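Remarks on the structure that follows.
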Amino acid sequence: MDYIFRGRALFQGRPPSRNSYAEAIRLLERALALDPRSAEAQTWLAGVLVNRVNTSFTDTRASDLTRAEELIDRALAASRRTFYAHYVKGSVLRNRNRWDEAILQFETELFFNRNSVGALQGLGWCKLYTGSLDEVIPIAERAIRIGPRDPHIGFRYLMIGTVHLLQSRIDEAVLWFEKGRSVMPDVPNFRGRLASAYALRGETQRAATELAEARRLAGGDVFSSIARVKASGSWGSVLPLFETTYFAGLRKAGMPEE
């Protein structure tokens, strides 16, 4: 339990970084080694792994997702009363492009815990990627009201900014991305979004600076090319909107195709 608590504190108690995720995984792996049947250790380890994928802090996306899925399925088989497990399962399904199934998992957690900002956030992303853009910002705003001091609040800002970006409201998008960057400076996704938005506004030097920072923070080659960025995420039915906004901006910022 000590290892679980320490791992959770690293994961939930501070803005994410590559190092904090790695240390949380180490602690939760230790907990699982001591008690391989612990549904709580399985759930939290799966949660860190899938959120490391969500934030582009991993060089092993496919294996992290596979491990997270195996762990959370074992945890849910042991006990479906671990409400957070439904958020984790939904996050795995979202990354598998199984949007409707993911929505059911997030709604299940919200049934048991209507104040789950994680489940609201997951639900909002599913609505975004399935094209229900008008529903996304109200969901994000509800999560912000529930958890105004949540150290992961920047992800709600990212969601709102992404809706504005996809709808070509570039100035509004920049405001939300900058707000997210200010509270979660180590998350590369804000830098990538800002690189695109700045470039679309013609601010090529600022765009190049943010793109370089995205590459540094992410490590590996996630932000090395358009093809790599596409491979690192799930774009759903709104891929055409990402093409004309986000990816168009990254090209203007100097990102190559391959």
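The values are calculated or read from the model by the stated rules, or taken from the named source; none is laboratory data. Model, not experiment: these values are computed from the prediction. Reconstructed Cβ throughout: ideal geometry from the backbone, glycine too, with neighbour counts over all protein chains shown.
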Pairs with Cβ under 8 Å, 6+ apart, first in segment 128-145 and among the basic types (Lys, Arg) and modelled with pLDDT of 95 or more, second part of a helix (DSSP H, G or I) and crowded, with 18+ Cβ neighbours inside 10 Å
142/120
Say we look at segment 77-87 and pick out the residues that are crowded, with 19+ Cβ neighbours inside 10 Å and of a type outside the set (Ser, Thr, Tyr); which of these is nearest to residue 123 (Cα to Cα)?
86
Boolean, residue 229 is surrounded by 14 or more Cβ atoms within 10 Å (Cβ to Cβ), touching a residue at least 24 places away in the same chain (Cβ under 8 Å), closer than 22 Å to residue 181 by Cα and in contact with a Leu (Cβ under 8 Å, 6 or more places away or on another chain)
yes
Only unsatisfied item for residue 223, checking (1) buried (at least 18 other Cβ atoms within 10 Å of the Cβ); (2) assigned to a helix (DSSP H, G or I), is (2)
Number of the condition not met by residue 70 [criteria: (1) charged (D, E, K, R); (2) surrounded by fewer than 17 Cβ atoms within 10 Å (Cβ to Cβ); (3) under 16 Å from the mean Cα position of the chain (by Cα)]:
(3)
Need pairs with beta-carbon distance below 6 Å; first residue within 17 Å of residue 120 (Cβ to Cβ) and within segment 150-179, second outside any helix (DSSP H, G or I); sequence gap 6+ or separate chains.
151/14; 151/15; 154/184
Helices (runs of 4 or more DSSP H) enclosed by segment 88-191 - at least 3 residues per element that are crowded, with 20+ Cβ neighbours inside 10 Å and touching a Phe, Trp or Tyr at 6+ places or on another chain (Cβ under 8 Å)
99-112, 117-129, 154-166, 170-183
Cβ-Cβ distance below 8 Å, separation of 6 or more or different chains: which pairs start in segment 90-103 with a residue that is free of Cβ contacts under 8 Å to residues at least 60 places away in the same chain and end on one that is among the aromatic types (Phe, Trp, Tyr) and surrounded by 24 or more Cβ atoms within 10 Å (Cβ to Cβ)?
90/106
Scanning segment 1-31 residue by residue, those hydrophobic (A, V, I, L, M, F, W, C), closer than 16 Å to residue 64 by Cβ and buried (at least 19 other Cβ atoms within 10 Å of the Cβ) turn out to be 11, 24, 25, 28
How many of the residues making up segment 230-258 are under 25 Å from residue 98 (Cβ atoms) and assigned to a loop (DSSP other than H, G, I, E, B)?
4
Test of understanding: among 139, 170, which residue is over 14 Å from the mean Cα position of the chain (by Cα) and over 23 Å from residue 90 (Cα atoms)?
170
